[in-house]
Amino acid sequence: MKKYLQQYKNLPVQMKASLWFLICSFMQKGIATITTPIFTRILTTAEYGEFSVFNSWMQIITPIVCLNLFSGVYSQGLVKFEEDRNRFSSSLQGLVLTLVAVWTVIYLVAADFWNKMFSLTTPEMLAMMLIIWVSSAFSFWSMNQRVDFRYRKLVIFTLTASILQPTVSIIFMLHSNNKVLARIFGIAVVQFALYAWMFVDMMAKGKTFYSKRYWTYALRFNIPLLPHYLSMNVLSSSDRIMIGNMVGTSEVGIYNLAYSISLIMTMFNNALLQTIEPWIYRKLKENKAADIAQVAYPCFFLIAGLNILLIMFAPEAIAIFAPASYQEAIWTVPSVALSVFFMFLYTFFATFEFYYEKTQYIAGATVGGALLNIGLNYICIQKFGYIAAGYTTLFSYMLFALLHYYFMRKICKEYLNDLRPYNAKIILGISVGCLVAGFGIMATYRNNMIRYAVIAALAVVLFCMRKKLMELVKMLLEIKKKKA
């Protein structure tokens, strides 16, 4: 034990921070996962669906209200204006508060119109505006911590919020007739209590609410990216909103449970990408893009395998997370889980677009995927029912990955002498294999004997491949070490 503690103490601060951010991410997802069965048993499928619709609208409204100013423009600005970081930070906090205030007034002037449009109530909309503001304040503060590798406070506040939000919400719901509003208020109260001081702290350090220079810089940078941010959120949220409007809130609740369980796998996506993305950027900077494939292919296999694993045990997962009234959700898990694989896949192409600052390509692919998703949802949900939304999501992310691959090839022709960093046949083979395995396992859901036999066979295959899996882990650790 002392040996491992000493090894930990000897780690560079960058690796310690990355390690704790990873642990924090897993614990956040873990707490959300553990509490899901509680919420599905307190809330009816209709109430669970209503809360899902609220969350979906909030994801779409957030970039409209605050322009996601806490995202790319802020992290870039912290480096660009390092000598004046405090003023830059406080002025962006001021800009977000101003935007939230303006949009709140716009809402209040025509509250009935907006309530009808979003199928939400005035208390829910006002709580949403509060959550957008305080969560933005936290995002600014947390990015500041990450830039300087100050991980202790960030981990403490993140985990505290992860524990208190479901706890307070459950207490509120047990003492309220309007359980959906109680759930929302639980989140708003906890976030305000934990995050509001961060706004005050950053304003006190920067002493600048308005700066023409920084407000202009931030708006010019992020407004062109609004279609990208908005389309990404539409792509991940429109299905639940459309199911709510076209079918019913009970169906939204069932669909959202499957969607939430499937998205647990995104924590593996994020964990890998936190290590690999900076490494890819470095390879591009060093003109060594040809080296990327040797790491990419094993990662594609790993993420595909993890999502296939979830598909195998989808019936058991749904039974654990919710009562029998949600059982139909098993038919949505495979399509959404396979979407998670394509979410991971497209990132390896999109990094080329970000590195060479081709924002028009990024926005084009995202808007195209979002519009296709809305169109397919409108047609398929009416014709085949709400379960079709999972398949439209999968098809949209497949197109999304294909568009980003196309744009990556254009960039390679322009900047990298027509280099082909990936073998298209290998990627196609992995993708098709993943789809066939996923839907093949879904076909066994009605016969557990066959499904368990398939699981046993795959377990044997994994055992035989254990050495190759260990080699992949060692390779990723080596990349992490070089990054630090």
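The values are calculated or read from the model by the stated rules, or taken from the named source; none is laboratory data. No experiment lies behind these values; they were computed from the predicted model shown. As a convention, Cβ positions derive from the backbone with ideal geometry for all residues, glycine included, and neighbour counts pool all protein chains shown. Calculation scope for accessible area: heavy atoms of the full protein, side chains included, ligands and nucleic acids excluded. Shrake-Rupley method; radii C 1.70, N 1.55, O 1.52, S 1.80 Å.
So if I place +1 on the C-beta of Lys and Arg and -1 on the C-beta of Asp and Glu, and nothing else carries charge, what would the dipole magnitude of the chain be about its Cα centre? I want it in debye, nearest 20.
Numbers: 43 positive and 22 negative charges, 351 e Å.
Magnitude of the dipole: close to 1680 debye.
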HN-Hα couplings for the stretch 262-268 via Karplus (6.51, -1.76, 1.60; θ = phi - 60°), in whole Hz with x for Gly/Pro, come out as 5, 6, 4, 5, 5, 5, 6
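Would you kindly state how much longer the chain becomes between ASN86 and ALA101 on full extension, computed as 0.36 nm times their sequence separation minus their alpha carbon distance, in nm to one decimal? Spell out each step's value before the answer.
On the way: separation 15, 0.36 × 15 = 5.40 nm, distance 2.26 nm.
Fully extending the segment from ASN86 to ALA101 adds 3.1 nm.
Any idea what the dipole of the stretch 263-394 comes to, in debye rounded to 20, about its Cα centre with Lys/Arg Cβ at +1 and Asp/Glu Cβ at -1? Each step should come with its number before you reach the end.
Numbers: 6 positive and 7 negative charges, 45 e Å.
So the magnitude is around 220 debye.
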R0 of 60 Å, Cβ-Cβ distance ALA319-ALA196: FRET efficiency to nearest 0.05 | 0.90
Put +1 on the Cβ of every Lys and Arg and -1 on every Asp and Glu Cβ in the stretch 60-146; which of VAL109, PHE140, THR62 then has its Cα farthest towards the positive end of the dipole?
-> PHE140
With x for Gly and Pro, the residue-by-residue ³J(HN,Hα) of the stretch 115-128, computed from phi through the Karplus equation 6.51 cos²θ - 1.76 cosθ + 1.60 at θ = phi - 60° and given in whole Hz, is 4, 5, 5, 9, 6, 10, 9, 4, x, 5, 5, 5, 5, 4
Roughly how many nanometres apart are two label points built 7 Å out from the Cα toward the Cβ at TYR406 and ASN448?
-> 4.6
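Suppose the chain between LEU371 and LYS207 were pulled fully straight at 0.36 nm per residue; how much longer would it get relative to their current alpha carbon spacing? Don't jump to the answer; show the numbers that get you there.
Numbers: separation 164, 0.36 × 164 = 59.04 nm, distance 4.24 nm.
Result: 54.8 nm gained on full extension.
Which order do the peptides 327-335, 205-213 take when ranked by the mean count of other beta-carbon atoms within 10 Å per residue, highest first? If you can, show how the numbers build up before the last one.
Details: 327-335: 22.9, 205-213: 14.0.
Result, highest mean Cβ count within 10 Å first: 327-335, 205-213.
Given the DSSP H assignment, sum -39500 (n - 2.57) over each helix run of at least 4 residues in the chain and divide by its residue total; what's the result at 222 nm in deg cm²/dmol, nearest 500?
Working: 21 runs with 404 residues, N = 484.
Rounded to the nearest 500, it is -28500 deg cm²/dmol.
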Give the accessible surface of the chain per residue, rounded to a whole number of Å², with probe radius 1.4 Å and ligands, DNA and RNA excluded.
-> 47
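Any chance you could run the full-extension gain for ASP291 through ALA111? It's 0.36 nm times the residue separation minus the Cα-Cα distance, nm to one decimal. Display every interim value, and only then the final one.
On the way: separation 180, 0.36 × 180 = 64.80 nm, distance 5.50 nm.
Length gained between ASP291 and ALA111: 59.3 nm.
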Residues with amide H under 5 Å from that of ILE292, placed H, sequence gap 5 or more | none
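Using unit Cβ charges (K, R positive; D, E negative) and no other charged atoms, how large, in debye to the nearest 20, is the dipole of the stretch 155-292 about its Cα centre? Spell out each step's value before the answer.
Numbers: 12 positive and 6 negative charges, 124 e Å.
Dipole size: approximately 600 debye.
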For the stretch 368-374, Karplus couplings with θ = phi - 60° (6.51, -1.76, 1.60), whole Hz, Gly/Pro x = x, x, 5, 5, 4, 4, 5
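Summarise the accessible area of the chain (1.4 Å probe, protein heavy atoms) by the percent that is carbon and sulfur.
The value for the chain is 67 percent carbon and sulfur by accessible area.
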With a/c under 1.5 counting as rounded, go ahead and sort the chain into rounded, prolate or oblate using the C-alpha gyration tensor (a ≥ b ≥ c being the square roots of the eigenvalues; past the cut-off, prolate if a/b is larger than b/c, else oblate).
-> rounded
Identify, among ILE450, MET202, ILE163, the residue whose Cα sits farthest towards the positive end of the charge dipole of the chain, taking +1 on the Cβ of Lys and Arg and -1 on the Cβ of Asp and Glu, with the dipole about the Cα centre.
-> MET202
